Amino acid sequence: MLSTSLISTPLGLAACVMLLFSSLLWRVQKSKKSKKSKQIAHVHVKEKQTVSAPPFRTPRPKPLDGFKLELTDPKLYRPFRHGLNFVTMGIRKMDWNEWIELDSNFVRYHDAKVVELEQDLDGRVKYVDNEVTRLACHEMLDELVKYLPQRYPDVFQLRGGIIVNTVTGEKFPYPAASPKEALVTAAKLVQDDLVLMIENDDSQYHLDAGAVILPGFWRLTDKFRMSLDEVHMEAGVPHYQAKLQKSMNRFFKTMTCEKPIIRNNYFIQLDDGLAWSHRMGDQNATSVASWASTDSANLSIDDIHFRSERQSLRRLPKSKALMFTVRTYFEPVTVIAKEPHVPGRLAEAIRGWDETVGHYKGRCHWEGLLLPYLDEMHEKQMESGVLENVEGEYPF
Ligand code: HEM
């Protein structure tokens with residue numbers, strides 16, 4: 001409050017007016033400043049919004065023009081090394097162009113899938129009926145429908161709401177009418193088995209959907225809803241807890257849409273069952289198949305098959321599910337043993353497994369037959385001079 005004695009003289013009055021004026025000016029300037037800084041803050045927010053990354057869109061693959069399914073030989077994956085061979089994560093960066101591989105075995109795989117689906121559709125194709133898994137099933141088909149006609153235009157075409165396979169003559173409605181239809185359609189479009197891993201409330205990735213039709217040794221019904229750890233521990237994957245569990249779980253949690261990966265593995269199988277190894281046990285039994293229940297009586301070298309999977313893993317952008325593809329390459333061992341370097345290197349790899357890996361791969365059931373055969377084939381290759389040829393680099 002201004003004292004009355006101060007404003008009673010002209011000089012005092014003038015001083016008071018000056019004081020009031022400068023205080024007013026200070027307030028106006030302060031308010032302008034704060035408005036400006038609020039505007040700046042707003043601009044910052046806007047700027048942040050504009051620079052934030054756009055939603056991920058899967059890169060379009062380069063078309064393989066002139067691709068002829070029936071003339072394309074299966075890739076010769078031979079993913080074993082000289083010397084000691086460990087079971088490892090063994091992941092490599094995936095080239096988006098090469099997400100799905102097709103070859104002259106397409107019709108054979110497709111027809112085997114159709115037979116399995118006719119036998120037990122509900123056992124081979126399953127999903128958990130919740131929002132995120134339903135979305136993931138449709139998203140998996142969406143991604144395949146974006147990829148296949150673009151990559152293999154001679155095989156697949158999208159005409160209106162129909163996906164056409166020009167080789168089998170099949171026509172699939174798209175989008176699919178239900179998550180299950182999406183899974184079945186996806187399975188018939190490719191040679192791979194398909195799995196969706198979904199993060200559950202326990203923060204673990206679970207096998208919550210899939211079309212697993214040609215897996216050889218395990219059934220979708222055995223593993224459905226299991227976590228990543230349960231899947232691998234139940235299969236008895238060697239050294240899982242000590243060597244793989246931590247890094248695999250970390251990898252699953254942090255994997256981004258931009259960085260898909262692939263890996264390869266291999267197994268020895270004692271019969272020619274692409275969908276199911278009958279010597280391992282009854283496909284329709286409820287007990288888990290294992291080498292412990294395997295029948296290796298009267299085995300001949302022609303029975304033994306080399307089974308190798310080329311697996312891919314990517315995160316789907318909308319559902320955030322992890323999509324896992326398992327493409328099996330399957331040959332009699334007598335066929336691959338003709339390839340230069342292969343019998344010698346395979347025998348070396350098998351001898352390079354430790355006891356745990358040997359047990360997991362069922363070595364005691366077939367080593368007495370397979371190893372002498374591979375050694376003999378290797379000897380012949382040494383004598384013939386074919387080992388002068390340059391050897392393929394992993395995984396070939
Ligand atoms: C980065 C991802 C993964 C890694 C590094 C990995 C690693 C492995 C390893 C090391 C094995 C032992 C045989 C082999 O070398 O393949 C194995 C077996 C197996 N994995 Fe995985 N795995 C991955 C993802 C998955 C997923 C998503 C599934 C879901 C179905 C799965 C299911 C299995 C099964 C069922 C077996 C046993 C196969 C058999 O013995 O018949 N894996 N995995």
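The values are calculated or read from the model by the stated rules, or taken from the named source; none is laboratory data. Bear in mind that the values here come from a model prediction, so they are computed numbers and not experimental data. Every residue, glycine as well, gets a Cβ built from its backbone with ideal geometry; the counts of neighbours run over all protein chains shown. Heads up: the accessible areas ignore ligands, DNA and RNA and are worked out on the full protein's heavy atoms, side chains in. Shrake-Rupley method; radii C 1.70, N 1.55, O 1.52, S 1.80 Å.
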#### Entry: Euclidean distance of C-alpha centroids, segment 131-194 and segment 305-378, integer Å
30 Å
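Quick check: residue separation of Thr254 and Met382 times 0.36 nm, minus the Cα distance between them. What number comes out in nm?
Values: separation 128, 0.36 × 128 = 46.08 nm, distance 4.70 nm.
Extra length from Thr254 to Met382 when fully extended: 41.4 nm.
Just the number, please: carbon plus sulfur as a percent of the accessible area of segment 69-388, 1.4 Å probe, no ligands or DNA/RNA counted. Mind dumping the intermediate values first?
Working: 7370 of 13740 Å².
Accessible surface attributable to carbon and sulfur in segment 69-388 totals 54 percent.
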## Note on the structure
In degrees, nearest 10, the alpha-carbon axis of helix 245-254 is tilted away from the dominant principal axis of the alpha carbons of the chain by 50 degrees
### Query
Counting each DSSP H run of 4 or more residues in the chain as -39500 (n - 2.57), what helix-only mean residue ellipticity at 222 nm follows after dividing by all residues, to the nearest 500 deg cm²/dmol?
-13000 deg cm²/dmol
### Message
List the aspartates and glutamates whose Cα sits under 13 Å from the Cα of Lys188, skipping any in the same chain fewer than 8 residues away.
### Response
Asp111, Glu116, Glu118, Glu170
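Just list whichever of Lys223/Lys253; Lys171/Lys361; Lys93/Lys246 have alpha carbons separated by over 29 Å in the model shown. Each step should come with its number before you reach the end.
Values: Lys223/Lys253 20 Å; Lys171/Lys361 40 Å; Lys93/Lys246 20 Å.
Pairs exceeding 29 Å: Lys171/Lys361.
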### Task
Please check which bits of segment 335-371 a label hung off Asp302 would reach, taking the label as a point 7 Å along Cα-to-C-beta and the cut-off as backbone N under 16 Å.
335-336
### Task
Report ³J(HN,Hα) in whole Hz for each residue of segment 333-350, in order, from the Karplus equation J = 6.51 cos²θ - 1.76 cosθ + 1.60 where θ = phi - 60°; Gly and Pro get x.
5, 5, 7, 6, 6, 7, 6, x, 6, 5, x, x, 5, 5, 4, 5, 4, 4
### Residue among Thr254, Ala275, Thr294 farthest towards the positive dipole end of segment 215-297, charges placed on Cβ
Thr254
### Within straight-line cross-link reach of Lys259, aspartates and glutamates at Cα separation under 14 Å, skipping those fewer than 8 residues along the same chain
Asp95, Glu98
### Task
Find the relative contact order for the chain and round it to a whole percent, using C-alpha pairs within less than 8 Å whose residues are 6+ positions apart.
19 percent
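Over all directions, how big on average is the projection of the convex hull of the alpha-carbon atoms in segment 295-380, in square nanometres?
Numbers: hull surface 30.7 nm².
Projected over every direction and averaged, the Cα hull of segment 295-380 covers 7.7 nm².
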#### Entry: 5 angstrom amide H check on His305, placed H, neighbours 5+ away
Gln269, Leu270, Asp271, Val333
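Hey, can you find the accessible area per residue of segment 117-258 for me, probe 1.4 Å, expressed in square angstrom?
On a per-residue basis, 42 Å².
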## Note on the structure
Expected unfolding gain across Asp154-Val390 under the 0.36 nm per residue rule, minus the alpha-carbon gap, is 81.6 nm
### Message
Can you classify segment 69-388 as rounded, prolate or oblate using the Cα gyration tensor, where a ≥ b ≥ c are the square roots of its eigenvalues, rounded means a/c under 1.5, and otherwise it's prolate if a/b beats b/c and oblate if not?
### Response
prolate
### Query
Using 7 Å Cα-to-Cβ label points, what is the Arg92/Ala242 separation (nm, one decimal)?
2.8 nm
### Task
Could you check the simple spin-label distance between Lys62 and His278, using points 7 Å along Cα→Cβ, in nm with one decimal?
4.5 nm
### Query
HN-Hα J couplings of segment 157-172 from phi, Karplus 6.51/-1.76/1.60, θ = phi - 60°, integer Hz, Gly and Pro as x?
9, 9, 10, x, x, 10, 9, 10, 9, 6, 7, 8, x, 6, 10, 10
## Note on the structure
Counting only residues 5 or more apart in sequence or on a different chain, those whose built amide H sits under 5 Å from that of Thr72 are Ser104
### Task
Find the eigenvalues of the gyration tensor of the Cα atoms of segment 49-176, then list the square roots of 5 times those eigenvalues as equivalent ellipsoid semi-axes, largest first, in whole angstrom.
26, 24, 21
### Message
Give the aspartates and glutamates reachable from Lys318 as a straight Cα distance under 15 Å; neighbours fewer than 8 places away on the same chain don't count.
### Response
Glu131, Glu139, Asp142, Glu143, Glu199, Glu258
